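Throughout, read-outs are computed from the coordinates displayed, never taken from laboratory work. The structure presented is a predicted model; accordingly, all values stated were derived computationally and were not measured. Cβ atoms come from the backbone with ideal geometry, glycine included; neighbour counts cover every protein chain shown.
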Amino acid sequence: MKEIILKVNGMVCEGCEKRVQNSVKTIKGIKKVVANHKAGTVMVMGKEEIDEKEISEKIINIGFDVIGKDSLL
């Protein structure tokens, strides 16, 4: 399993978290998505071949800004 944590701007509520989670879960190979609007992060777990760019594009397409990987990684 591979884990990616992205910093995301624009999530302000639990509804935003659900939108991000539902969008990213549609990507083949994604097993788990946890968005946290308070921390401004999205954690994605999936198969080794998951594409960070594809995840970012999904998030951007629903109106949020991906500002990179979490600096804690």
Revision key, fill the gap. Within segment 1-54, of all residues that are part of a loop (DSSP other than H, G, I, E, B) and touching an Asp or Glu at 6+ places or on another chain (Cβ under 7 Å), the one surrounded by the fewest Cβ atoms within 10 Å (Cβ to Cβ) is GLY29
Exercise for review: List every residue pair whose Cβ atoms lie under 7 Å apart, where the two residues are 6 or more positions apart in sequence or sit on different chains, the first residue falls within segment 18-37 and is touching a residue at least 40 places away in the same chain (Cβ under 8 Å), and the second residue, located anywhere, is part of a helix (DSSP H, G or I) and buried (at least 16 other Cβ atoms within 10 Å of the Cβ).
Suggested key: VAL20/ILE59
